[in-house]
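See structure below.
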Amino acid sequence: MAPPNPNVQRYSPTTMWDSTPLFQFGDMQEIIQNFVRVHVDAPGMEEGAPVFPLGYQYPSLDQLADMIPCILQYLNFSTVIGVGAGAGAYILSRYALTHPDTVEGLVLINIDPNAKGWMDWAAHKLTGLTSSIPEMILGHLFSQEELSGNSELIQKYRNIITHAPNLENIELYWNSYNNRRDLNLERGGAVTLKCPVMLVVGDQAPHEDAVVECNSKLDPTQTSFLKMADSGGQPQLTQPGKLTEAFKYFLQGMGYMASSCMTRLSRSRTASLTSAASTDGNRSRSRTLSQSSESGTLPSGPPGHTMEVSC
């Protein structure tokens with residue numbers, strides 16, 4: 001956690017949990033300089049982490065979520081704004097369901113709130129017979145189009161995962177994610193996220209259907225859905241500028257950074273907000289934000305609240 005800067009306006013008691021490299025992006029600095037920023041790694045995922053001994057029982061995602069209150073108590077934080085991707089998004093959501101009073105808002109990238117069904121489980125087991133752990137993880141992170149293109153980004157992450165000294169730990173975390181429980185979210189029901197939420201996914205990304213389904217289960221008045229074109233499976237890596245701009249509007253909707261000026265992105269784009277009706281009769285209207293590299297769109301009004309955590 002970076003020490004407070006006495007020359008910077010502080011938005012207490014909100015805290016941001018940092019996920020790199022998004023929070024190293026240039027335009028993001030205007031945001032993070034006003035918040036206390038904390039990065040949280042899942043056990044064994046930190047740089048230089050020793051390999052767990054054979055037979056080590058890795059915690060479930062629910063257990064990881066249960067660790068967050070201890071972290072907040074240690075740091076003396078009463079509320080947080082969280083941003084998480086993948087497993088981190090799931091962990092934050094699980095935490096927010098059990099501790100709603102401590103979460104001001106969530107930004108959830110590529111969240112899949114559902115447990116694996118039997119067909120998914122069988123497909124996962126079958127894939128495991130023919131693919132290595134690094135390739136399975138890459139298939140989870142990136143779209144098939146991205147993998148086929150074998151871009152510099154894909155090569156970079158394939159090299160990072162394949163040669164990771166803690167690959168055994170990564171496999172344990174991977175297995176824990178695949179054994180996650182269903183969040184059982186229900187629009188208008190007892191189990192739902194009560195804070196403002198921004199859902200983010202790339203167009204044609206591996207998790208697009210799961211995020212769309214999650215959007216249908218949340219309160220449409222509290223939820224913004226940001227589908228980003230030309231961003232692949234990891235929009236925080238491929239489109240950090242667009243995501244940063246949406247993040248800023250999200251914070252402004254919460255009452256933070258009201259005097260912040262527009263960034264380069266917003267000055268060059270026309271703001272628009274569209275409402276989309278779901279085809280399911282049980283789904284009411286929800287706000288949908290879509291961005292493309294040619295004609296990206298941004299909300300003209302406050303989109304909601306957010307928090308960031310990385311695991």
Sorting Thr223, Thr162 on solvent-accessible surface, 1.4 Å probe, most exposed first, gives Thr162, Thr223
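Test of the criteria: in the stretch 54-103, which chymotrypsin sites (Phe, Trp or Tyr not before Pro) are in a DSSP loop and have at most 14 other Cβ atoms within 10 angstrom of their Cβ?
Values: sites: Tyr56, Tyr74, Phe77, Tyr90, Tyr95; in loops: Tyr56, Phe77.
Those satisfying the criteria are Tyr56.
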For Ile170, the accessible surface traced by a 1.4 Å probe with all protein chains present amounts, in square angstrom to the nearest 10, to 40 Å²
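Assuming R0 = 30 Å, what is the FRET efficiency of Cys70 and Gln24, from their Cβ-Cβ distance, to the nearest 0.05?
Once rounded, the FRET efficiency stands at 0.65.
At 1.4 Å probe size, put Arg180, Arg37 in order of accessible surface, largest to smallest. Don't skip to the end; give the middle numbers.
Values: Arg180 20, Arg37 80 Å².
I get Arg37, Arg180, largest accessible area first.
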Sorted list, accessible surface of protein heavy atoms, 1.4 Å probe, largest first, for Thr192, Thr98 is Thr98, Thr192
Measure of exposure for Lys194: accessible area at 1.4 Å probe, Å² rounded to 10, is 140 Å²
Taking a straight Cα-to-Cα line shorter than 26 Å from Lys227, and setting aside same-chain lysines fewer than 8 residues away, one finds Lys116, Lys156, Lys194, Lys217, Lys242, Lys248
Subtracting the Cα-Cα distance of Ser78 and Lys116 from 0.36 nm times their residue separation yields 10.3 nm
FRET efficiency (Gln144, Glu168; Cβ distance; R0 22 Å; to 0.05) is 0.25
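The values are calculated or read from the model by the stated rules, or taken from the named source; none is laboratory data. Please read all numbers here as calculations on a predicted model, not as lab measurements. As a convention, Cβ positions derive from the backbone with ideal geometry for all residues, glycine included, and neighbour counts pool all protein chains shown. Side chains are part of the model used for accessible areas, which takes the heavy atoms of the whole protein and leaves out ligands, DNA and RNA. Shrake-Rupley method; radii C 1.70, N 1.55, O 1.52, S 1.80 Å.
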